[in-house]
Amino acid sequence: MSPITYRDATAGDAAMVADLFARTFVETFGHLYSEEDLGTFLAGVTAEAYAAEIADPAFEIRLAFAQGDAVAFAKLGPPSLPEEPPPNTLELWQIYVLGSWQGNGIGPALFDWAAGRARGRGAEHLQLTVYVENYRAKTFYERRGFVPTGRYAFMVGNHADEDIIMRCVL
């Protein structure tokens, strides 16, 4: 197996990140939604939106590559959830890994990067959401000290998923 390499996203990566988000989201969750709801949701996942986040110093995106292809990414940024976080909280917006690359240590490496970057920015807490039936992700985060703090309706088109808001102390 080829080694996994990592680097921070640059402006030229925006389309690649948008494509990777769409591929991993559909691969993991696509079966849950109607074609219309999924299409509406993915229409908002654009290279322009990622370019704006890559250019915004409040966000950081880290990419993982294998065999020359992007296979995963993590996004860290300001809190956005409808729950008042403690002071000095950052949000882990995503860790998305293509299914064929899960189990190769990429998720843990991206999490370690995000936690380290959050600490480096003075964060004392990290929060995220996870779909209630994404047991693998919930277990992953629980092993890293995350605990549930609330619920959140994650909208995919007109479909509301129930997500769990989780937070940990860094």
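A few comments on the model shown:
- Scanning the chain for DSSP H helices at least 18 Å long along the axis (C-alpha atoms) with a Kyte-Doolittle mean no lower than -0.5 picks out 14-29, 106-120.
- Where N is the number of residues in the chain, Cα Rg divided by 2.2 N^0.38 Å: 0.99
- Inter-label distance for Glu48 and Phe154, nm, one decimal - labels placed 7 Å from Cα along Cα-to-Cβ: 2.5
- Solvent-accessible area assigned to carbon and sulfur over the range 112-157 amounts to 47 percent, based on a 1.4 Å probe.
- The heavy atoms of Arg144 present about 70 square angstrom of accessible area, all protein chains included, probe 1.4 Å.
- Where the chain is the region considered: accessible area per residue in Å², 1.4 Å probe: 49
- Taking 0.36 nm per residue of separation and subtracting the Cα-Cα distance, full extension of the segment from Met16 to Gln102 would add 29.1 nm.
- DSSP beta bridges fully contained in the range 29-126 are about 85 percent antiparallel.
- Rolling a 1.4 Å probe across all protein chains gives Thr149 an accessible area of roughly 50 Å².
- Dipole in debye (nearest 20) - the range 26-84, about Cα centre, beta carbon charges: Lys, Arg +1; Asp, Glu -1: 260
- Dipole of the chain, positive end: most advanced residue of Ala153, Ile164, Phe29 [Cβ charges, Cα centre]: Ile164
- Computed over the Cα atoms of the range 96-146, the ratio of the radius of gyration to the Kirkwood radius (Rg/Rh) comes to 0.98.
- A Cβ-based charge dipole, computed about the Cα centre of the chain with Lys and Arg at +1 and Asp and Glu at -1, lands at about 740 debye.
- Estimated at the nearest 10 Å², the accessible area of Asp112 is 100 Å² with a 1.4 Å probe.
The values are calculated or read from the model by the stated rules, or taken from the named source; none is laboratory data. Note that the structure is predicted; figures quoted are calculated from it, not measured. Backbone-built Cβ (ideal geometry, glycine too); neighbour counts: all protein chains shown. Ligands, DNA and RNA are stripped out before the accessible areas are found, and what is left, the full protein with its side chains, is counted by its heavy atoms. Shrake-Rupley method; radii C 1.70, N 1.55, O 1.52, S 1.80 Å.
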